[in-house]
Structures are given as C-alpha cells and as structure tokens.
1. Quick check: anything in the stretch 48-64 modelled with pLDDT of 55 or more, outside any helix (DSSP H, G or I) and at negative phi?
2. I need the helices (runs of 4 or more DSSP H) fully contained in the stretch 182-265, keeping only those with at least 1 residues that are acidic (D, E).
3. V250 is checked against (1) surrounded by fewer than 22 Cβ atoms within 10 Å (Cβ to Cβ); (2) touching a helix residue (DSSP H, G or I) at 6+ places or on another chain (Cβ under 8 Å); (3) more than 22 Å from E139 (Cβ to Cβ) and fails just one. What number does that condition carry?
Amino acid sequence: MEQQDIYITFDKYLNKELSAAEVALFEQELANDEALSDEFMLYQQIHETLSAKHQAAQQYEVVEKSVEKVGNDYFSNLTNEKTETPVIPLSRPSPFRRLLYAAAMMVGLLFGTYFIYQMIQPSYTTTELYAAYDSFPQESFTSKSDQEQSLPLAEAAYNQGDYANAIKHINQYLATNTSPVQDYRLYRCRGISYLAENEYALALQDFDRLKEQASFKNEGHWYAALCYLKMNELEKVEQELEGIDEGSSVYGKAVELRGKLGRVVE
C-alpha cells in the first residue's frame with residue numbers, strides 16, 4: 001500500500017467512513033504490524049488536535065466572517081494605494097482573530113513537522129537491511145586431540161569467510177565424533193555459514209538448536225531473524241525478534257532492526 005493510501009485509510013477510520021468489514025480488517029492490521037500501529041497513533045494525535053482547533057474555530061465563526069470582510073476591503077485598498085483615495089488602517093486585530101491565527105500556525109507546524117519527518121526517514125530494501133547486519137563473530141575452537149584436524153580447519157575457513165569449507169570440516173568432525181557435541185559454537189558457526197551460502201533451511205535447523213540452550217537462545221533468535229530477513233519474510237523476522245530477551249547482547253540490535261522493518265520497500 002502506498003504511503004498516501006495509508007494516510008487516507010487512517011483518515012477514513014477516524015472519521016468513521018469505513019464499512020464494518022473494512023474496520024475489522026484495518027484493526028487486524030494494526031494488531032499485527034507494530035510499525036503501522038505506531039504511525040497510526042501519531043496520526044491520531046494530529047487528527048485530534050485538528051478536531052479541537054476546528055471546534056474552536058466554529059465558535060468564532062460569526063466574528064471570523066465579519067473580520068474577513070473588513071480585511072478584504074483593506075487589501076483592496078492596498079492595490080489601489082496610488083489613487084487619491086486615502087487608505088484607512090484597520091484597528092488592531094480582535095483577540096478572536098489572533099487566536100485563530102495562532103491555531104492555524106500551530107496546525108500548520110504540526111502537519112509540516114509530521115510530513116517532513118515521514119519524508120526524511122530512510123527506506124530500505126531487504127537486501128540493504130540485511131547487509132547492515134551481515135557481520136558475524138570470529139570463532140575459536142579447541143580440538144579434543146591432536147588427531148582431530150577438522151576443527152582447526154573449520155575455524156580457519158570460517159574466519160576467512162570460506163563458508164563452504166567451514167561447513168565441510170564441521171560436518172566431518174560431527175560425523176567422526178562419537179560423543180555428544182556440547183560446544184554450541186559449532187552450531188552457531190555452521191548455521192551462519194549455511195546462511196551465508198543461502199542454505200536457509202539448514203541454517204534455521206542450527207539456529208533452532210541454539211534456541212534450545214539457554215546461553216545461546218537469544219543468538220538463535222537473532223540469527224534466525226537475519227535468515228528470514230534475507231528470505232524477505234518480514235513477519236517471521238518480527239516473531240524471532242520478539243523472542244529476544246531484554247538486556248541480552250543482541251537486544252539493542254533487535255530493537256533497532258524492528259524499528260527499521262516498517263521502512264522496508266519492495
């Protein structure tokens with residue numbers, strides 16, 4: 001939906017011009033889209049301010065019309081100021097007129113600020129937004145014995161951005177290691193490597209494993225959110241970000257990303 005169409009829907013909703021079915025659909029969209037809900041709340045505040053100013057203006061309607069007639073005569077005289085007819089200056093504007101001027105200025109400023117704010121906010125494609133967070137931590141694995149060469153090779157490949165080989169060496173280690181793997185950094189490393197290689201289903205499997213471990217849960221949600229972002233599935237991005245605990249190491253990035261999702265363009 002175009003931005004202008006969104007504002008028209010806001011206005012129709014507030015003025016009770018939508019059908020019952022349209023109202024239900026709109027309220028459902030507000031419940032499911034936090035960015036849209038925040039924008040609607042701001043627009044509603046502006047609408048209520050305008051309504052209050054409009055009611056005040058109606059109370060002084062008679063005075064307004066009288067002053068307007070005198071003002072028209074005044075400006076008519078200004079256009080003919082080179083004639084011999086003297087210009088009779090108006091008396092000081094009435095308090096009602098000054099009130100209306102002040103109200104108009106406030107409303108204009110409020111509307112101007114709102115629309116300028118909308119214009120200066122940057123927009124993103126999902127590719128651009130993903131690239132802003134496409135930064136992964138370096139890894140350091142400890143091999144259980146000198147005979148296990150796959151982990152050092154996986155570490156080197158991953159840290160050099162050779163994700164295909166990182167995946168290969170981690171899989172070799174997991175295939176030959178008979179004891180349970182307790183180091184969830186392996187799953188994080190492999191999941192990130194799958195993500196970089198666009199193997200989304202396999203990446204999500206490893207991120208789900210991270211979510212099962214308390215100390216890696218928030219990272220699991222964060223990397224799953226990035227995976228869905230790269231897949232352009234924004235609703236699932238929101239769901240994953242909601243699972244991140246406040247105060248965790250990735251919480252700040254999660255809040256920032258959620259704030260930008262409403263600016264994603266096709």
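1. no
2. Working: elements: 185-196, 200-211, 217-230, 234-242, 251-261.
Because the criterion is at least 1 residues that are acidic (D, E), the helices (runs of 4 or more DSSP H) in the stretch 182-265 that meet it are 200-211, 217-230, 234-242, 251-261.
3. Here V250 clears every test but (3).
Per-residue answers, yes or no, for (1) under 23 Å from E246 (Cα atoms); (2) not hydroxyl-bearing (S, T, Y):
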position: Q172; (1), (2): no, yes
position: Y184; (1), (2): yes, no
position: N198; (1), (2): no, yes
position: L204; (1), (2): yes, yes
position: E212; (1), (2): yes, yes
position: K217; (1), (2): yes, yes
position: H221; (1), (2): yes, yes
position: C227; (1), (2): yes, yes
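The values are calculated or read from the model by the stated rules, or taken from the named source; none is laboratory data. Since this is a predicted model, take the numbers as computed values, not measurements. Cβ sites come from the backbone with ideal geometry, for glycine too, and all protein chains shown count toward neighbours.
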